[in-house]
1. Between Pro200, Gly190, Val170, whose Cα lies farthest towards the positive end of the dipole of region 142-231 when Lys and Arg beta carbons carry +1 and Asp and Glu beta carbons carry -1, centred on the Cα centre?
2. How many angstrom lie between the Cα centre of region 23-100 and the Cα centre of region 154-176?
3. Along the Cα→Cβ direction, 7 angstrom out, place labels at Arg53 and Arg29. What is the inter-label distance in nm?
4. Looking at Thr103, Gln34, Tyr159, which one has the Cα that reaches farthest to the positive end of the dipole of the chain (charges on Cβ: Lys, Arg +1; Asp, Glu -1)?
5. What is the projected area of the convex hull of the Cα atoms of the chain, averaged over all directions, in nm²?
6. Out of every Cα-Cα pair in region 152-218, what percent are more than 15 Å apart?
7. When each pair of different Cα atoms in region 3-85 is counted once in the 1/r mean, what is the Kirkwood radius in angstroms, to one decimal?
8. Order 173-181, 27-35, 90-98 from most to least packed using the mean count of other Cβ atoms within 10 Å.
Amino acid sequence: MDRREIAALLAYIGRLDPRTIRTDQGEARDQLAQWHELLGDVPMATPHGWDARVAARQHIRTSPYQILPADMARPWESYRRDRLARHSDPTPAADPDDQAAWTAELAGTRRAVAAGLVEPAQAWAITSGRDGIDPQLEGMLREVGSCIPPAARAALAPYRPARAAREMAVALGEPDALSVRCEWCKAPPGEPCRRRRIGPDDGVRATAPRATPHPGRLDLAATAQHNERAQQPVTA
């Protein structure tokens, strides 16, 4: 605030709290100089939420003590900290190889956010569901049927045999064994069955994933598939 804005603010405060009014010309001049010295870097108002008059009125409403410059500076610093805490630095438009320009743009954006000139840039949150999918990406996904292209899926098949066997069974209309829990090895749904490595003392030393599910798990999956189909309504 410049001296004229400080004078306007003191006049506004004087209407709300007459204790701050200085009738002596010298005292009024000293008060104006003191407030300008302490609040020269605090704006009267910003486009995004800060107003010194609101802060002054809030103090006068809630505190029995006469307002001081510190009572204006504290809300302003809290306002700056809150905005910077909600700000995620966007990628500068400057050339990344030009370190000086990159740093200057980054610092300038932060100063503008802290000063209330621009809104904080918040990072995009990861959302669940399909509401936020780009329509173009959704069309491509619908065309290929999966986020993994068929050629890449075929190339990965030797390195994940359990997943490849599951996809083959589903494509042939056979029951998906991994859709149910295995009662033999206790593998949860979605996880491949595991074979046990028995030590000389007949204790289980370790387990390793199996390329094929246990036969009992296949039977449970077939039963679950049969029950699901039986519950579906028959169409003419």
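Here, each number is a calculation from the coordinates, and none is a lab measurement. These figures come from a predicted structure and were not determined experimentally. Positions of Cβ are backbone-derived with ideal geometry, glycine not excepted, and every protein chain shown enters the neighbour counts.
1. It is Pro200.
2. Centre-to-centre (Cα) distance: 63 Å.
3. The answer from the label model is 2.9 nm.
4. Tyr159
5. Mean orientational projected area (the chain, Cα hull): 29.3 nm².
6. 55
7. So the Kirkwood estimate lands at 13.3 Å.
8. In descending order of packing, they fall as 173-181, 27-35, 90-98.
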